Amino acid sequence: MDTFMTTSRVLPEPDLYLYTSVSTPIPVHASILASASPVLENIIMSNKIIKISGVPYRAVIAFLRFLYSFRCREEEMEKYGMHLLALSHVYAVPELKKRSVKAVGEHVTEESVVDVLQLSRLCDAPDLYLKCVKLVDDRFKKVERSEGWRFLQNHDPALELDILCLLDDNDNRKKRLMMRKRQEKVYMQLSEAMECLEHICTEGCTNVGPYDVELRKGREPCTKFGETCQGMQALIQHFATCTKGNSGGCMRCKRMWQLFRLHSSICHHHDSCKVPLCRQIELKRQEEKRKDDGRWRLLVRKVASAKAMSSLSLSNTKCGFNKF
């Protein structure tokens, strides 16, 4: 009796034989196999002959050991993981399939990844399939030089096309993610610029402030906005003295006009706002009944959202919520 039958239960004499590629049949218990696998149960009920071929003999023994004891040796799982995955799928043993997927995924390499890809597709193991695709994506140069990839190109061009399409989708997804991150960074920078502009025009800072606020000489540099505040003050001072601004020939003035317009689009207190041109820009927009284009409305909405999130984050920090 093989060691796979080792169990805490007292077993009766085997009443069935399992045939493999090896000439010697393996004695087994019909009741145990039937209770562990609905597929084996149907086979036993129909013809009482069980044949498992196409896999190594020791892999069959490891498979039977799991059916008897729900355990599988680590070295067997590492060596025969792919075979056990196939067997667990064919004979509907979900717990063994779960363990096999994990073991195969932990040991997949550039050389074996194509074989694992094919197996995961045949055995309906989507998590393993995606893990292999990610490995191919990360190490494509090495995978492309493997024997498995050359075999794939010659014998399974459909799977090769599927993989290349997935890689292309992943690449496009990464590009979209990077673009979104860059856009979010711009929105946060514009949000900070709006807050800095309001700070300068309401409270005043080192060099620029509203007419009713006296700027103290020797005032320390702005600690709240840092370099952003210094740059904004320089831009405001340039805007106030530039002779090319009205003719539209100065890029720095155009930038300042855009910031004023963006502030006016976000501001909810035009009548009392101290930011220059805030009320005038809003009145002009209303008089002309001008509708902003979609891209500008999106920009306003995104910057307003970033500004709100920044204010909420600052509020939580002051209240100590960030400690939790």
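The values are calculated or read from the model by the stated rules, or taken from the named source; none is laboratory data. This one's a predicted model, so the numbers in the text were calculated from it and none came from an experiment. Here the Cβ positions follow ideal geometry from the backbone for every residue, glycine too, while neighbour counts run over all protein chains shown. Keep in mind that these areas ignore ligands, DNA and RNA; they rest on the heavy atoms of the full protein, side chains included. Shrake-Rupley method; radii C 1.70, N 1.55, O 1.52, S 1.80 Å.
Taking the inverse of the average 1/r across all pairs of different Cα atoms in the chain, what Kirkwood radius in Å do you get?
26.8 Å
With every protein chain present, what is the per residue accessible area of the chain (1.4 Å probe, Å²)?
So the chain comes to 64 Å² accessible per residue, rounded to a whole number.
Evaluate the relative contact order of segment 176-313 (contact order divided by residue number), counting alpha-carbon pairs under 8 angstrom at least 6 apart; express in whole percent.
25 percent
Once ligands and nucleic acids are excluded and a 1.4 Å probe is used, how much of V108 is accessible, expressed in Å² to the nearest 10?
20 Å²
What is the distance in Å between the Cα centres of segment 8-40 and segment 60-93?
Taking the Cα centre of segment 60-93 as reference, the centre of segment 8-40 is 14 Å away.
Which one, H89, C278, I32, projects farthest toward the positive side of the charge dipole computed for the chain from Cβ point charges (K/R +1, D/E -1)?
C278
Would you pull out the residues with amide H under 5 Å of L18's amide H, same chain only if 5 or more places away, H placed 1.01 Å from N?
Amide H neighbours of L18, under 5 Å, 5+ apart: I26, V28.
Compute the distance in nm between two label points, each set 7 Å from the Cα along the Cα-to-Cβ direction, one at A308 and one at R58.
The modelled label-to-label distance comes out at 6.4 nm.
With each pseudo-label sitting 7 Å past Cα toward Cβ, what's the R150-A240 distance in nm, one decimal?
7.5 nm
Roughly how many percent of the accessible protein surface of the chain is carbon and sulfur, given a 1.4 Å probe and a whole-percent answer?
Carbon and sulfur: 54 percent of the exposed surface of the chain.
Between F140 and R297, what is the label-to-label distance in nm when each label sits 7 Å out along the Cα-to-Cβ direction?
Each label point lies 7 Å from its Cα, and together they span 3.9 nm.
For the chain, find the longest principal axis of its Cα atoms and tell me its angle to the long axis of helix 113-122, 0 to 90°, nearest 10.
Here the helix axis deviates by roughly 80 degrees.
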